[in-house]
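Have a look at the structure below before the remarks.
The values are calculated or read from the model by the stated rules, or taken from the named source; none is laboratory data. Not measured: the values here are computed from a predicted model. Glycine also receives a Cβ, built like all others from the backbone with ideal geometry; neighbour counts cover every protein chain displayed.
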Amino acid sequence: MSKKFGQNFLISHPVRERIVDLLEVSEGQQVWEIGPGIGSITSLLLEKRAQVTAFEIDHGFCRILNEQAFGDDPHFRLVEGDALKTLPLSLQTEGVPARICGNLPYNVGSVILAKLLESPYRPSRMVFTLQKEVVDRICAQPGSKDWSSFSLLAQADYEVSLATTINSGAFYPPPKVTSSVILFSLRSESKVESSLRSHFFTLVRDLFAQRRKTVKNNLLGGKVGAMVGKDGVQWLLEDAQLNPSLRAEALDWEQFLALSASLASYRARYTGDTEPAR
């Protein structure tokens, strides 16, 4: 095991079975697993006769997976390397699998998930093990202390739910934090219209850049302010009927969407630019 990869093996068989049950895997389905380790969840997926693609960065684990565990299984394929690089490339070249799962490493788990959620590739169902505090942020509702850009990013396209909380004794070595399993179920329709997506995510990143700052000050200091200027920010807030002294955690979905629509309208009206915000 390597400390730099933040590895904690999930040794609880009941928890592993719970994760696979949540995935609702059918025979022949394409299932991608991020960070399989030595294949404890992989083996359960293969028992379901899924077509499993595993993304693993640790060379030693890759040798075990290929040479000792599943190398002869025609339903198993290994992609060796950093999932932050190999996963986006695989999505671009192969398309969207039916399922994605993973016991994500604590040091980069949220980064991997954010990149996946920001991409245009959306599996119908995903199940991940993450730090409890990260799952709390993803599942948070407007007005709560955990409401964040991550909440909006995840909930735009998915119904998210805390499936179970896992104590440290279910892992080896035991982590110093509590973990949770989170289920992502793809919405039949996104909360964000395709024409507003880039505007929406630009605004979300700006508004939560510094949580103690007001909506107005975060916009002025971010990409939106650079695009539309001080007068433009004032116009956006008035058009969306937002109180400029509020903070981002006080805004709900309707207000974020209203501000996104105002940004799209402003750029089309005053700059003639109908391209998405970047």
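Structure above, values below:
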quantity	calculated
Failed condition for LEU89, given (1) without any contact (Cβ under 8 Å) to a residue 24 or more places away in the chain; (2) in contact with a helix residue (DSSP H, G or I) (Cβ under 9 Å, 6 or more places away or on another chain); (3) of a type in the set (A, V, I, L, M)	(2)
Options VAL224, VAL215, VAL233; residue that is crowded, with 16+ Cβ neighbours inside 10 Å and within 20 Å of ARG137 (Cβ to Cβ)	VAL215
Which listed residue, of SER260, SER265, is outside any loop (DSSP other than H, G, I, E, B) and within 20 Å of SER148 (Cα to Cα)	SER260
Matching residues, the stretch 13-63, being within 23 Å of SER161 (Cβ to Cβ) and acidic (Asp, Glu)	GLU17, ASP21, GLU24, GLU33
Out of GLU189, GLU193, sole residue that is out of contact with any strand residue (DSSP E or B) (no Cβ under 8 Å at 6 or more places or on another chain) and either under 28 Å from GLY222 (Cα atoms) or of a type in the set (Val, Ile, Thr) (or both)	GLU193
Helices (runs of 4 or more DSSP H) wholly inside the stretch 1-89 that include at least 2 residues being of a type in the set (Lys, Arg) and on the phi < 0 side of the Ramachandran plot	13-23
Residues of the stretch 46-104 satisfying the condition of being farther than 25 Å from GLN131 by Cα and among the acidic types (Asp, Glu)	GLU47, GLU67, ASP72, ASP73, GLU94
Only listed residue being more than 30 Å from GLU17 (Cβ to Cβ), surrounded by 14 or more Cβ atoms within 10 Å (Cβ to Cβ) and in contact (Cβ under 8 Å) with a residue 24 or more places away in the chain, chosen from SER265, SER185	SER265
Pairs where the first residue, in the stretch 102-127, is outside the structural domain of GLN155 (by TED's automatic domain parsing) and modelled with pLDDT of 95 or more and the second is hydroxyl-bearing (Ser, Thr, Tyr) and crowded, with 18+ Cβ neighbours inside 10 Å, C-beta under 9 Å, 6+ apart	none
Test: THR164 is more than 30 Å from SER12 (Cβ to Cβ) and not aliphatic (A, V, I, L, M)	no
